[in-house]
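Data first, discussion second: the structure below is written as structure tokens.
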Amino acid sequence: EQTEWYKIRTPRGKEGWVNISQMASTLDLDGAPIDFPIYGVDDFGKRRFTFGFGAGDFGGARILSASGSFALTPNISAELVGSQVLGDVSDGYMGTASIVMSPFPEWRISPFFEIGSGVLHVEPQTTIVQSRDRTDEVAHAGVGADVYLSKRFIFRVQYKHHTVLTSRDDNEEIDEWTAGFSVFL
């Protein structure tokens, strides 16, 4: 399958491409019509599972993320994100869990709000003085938008404000900006 075209092969071995509109009247071996799914913006509003990748800025460092979410209701989803932070003086890993609220999930450009918590592990890149690695809890709030592209593909842009709850006397505030692509089921 490519966009709205299907590659078919006859019993005699001939191959070719056929538009889905021509396949709509095709019958299976029992004489029943074959259902060819056509995904559109209506399915975007009813998505249950979403998987994606993104990249962006995490307080001046680069961040790469992989995410997965499950729709609890049409407007509320649970999301898990694993990220790698690549900085000039330190690298790190972060795992977060969030509740995402989409007030208008059926819109082609669907805004969302999220709150969540997780863990941030930082590994400083020191060469002279041996620094201890740090693992801290993190809480975040964010906003963004999912943009329906076509079929099952989504473009996502988002901003998150993180509060790193350090073991020291002061907490750290970090802003994250990411953009990426997702697919939904």
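The values are calculated or read from the model by the stated rules, or taken from the named source; none is laboratory data. Because the structure is a prediction, the values reported are computed rather than measured. FYI the Cβ positions are ideal-geometry reconstructions off the backbone, even for glycines, and counts take in every protein chain you see. Heavy atoms of the whole protein, side chains included, go into the accessibility calculation; ligands, DNA and RNA do not. Shrake-Rupley method; radii C 1.70, N 1.55, O 1.52, S 1.80 Å.
Say whether the condition of being open to solvent by less than 50 Å² (accessible area, probe 1.4 Å), over 17 Å from Ala55 (Cα atoms) and under 22 Å from the mean Cα position of the chain (by Cα) is met by at least one residue in segment 143-158.
yes
Take the residues in segment 133-185 that are in contact with a Gly (Cβ under 9 Å, 6 or more places away or on another chain) and polar (S, T, N, Q); name whichever of them is nearest to Pro103 (Cα to Cα). Filtering segment 133-185 for residues that are in contact with a Gly (Cβ under 9 Å, 6 or more places away or on another chain) and polar (S, T, N, Q), the one nearest to Pro103 (Cα to Cα) comes out as Gln158.
All told, Glu15 meets the bar of being open to solvent by 70 Å² or more (accessible area, probe 1.4 Å) and of a type outside the set (Ser, Thr, Tyr).
Across segment 120-142, the number of residues qualifying as loosely packed, with under 13 Cβ neighbours inside 10 Å and modelled with pLDDT of 95 or more comes to 0.
In segment 53-78, what residues are of a type in the set (Val, Ile, Thr) and in a loop (DSSP other than H, G, I, E, B)? Selection gives Thr73 alone.
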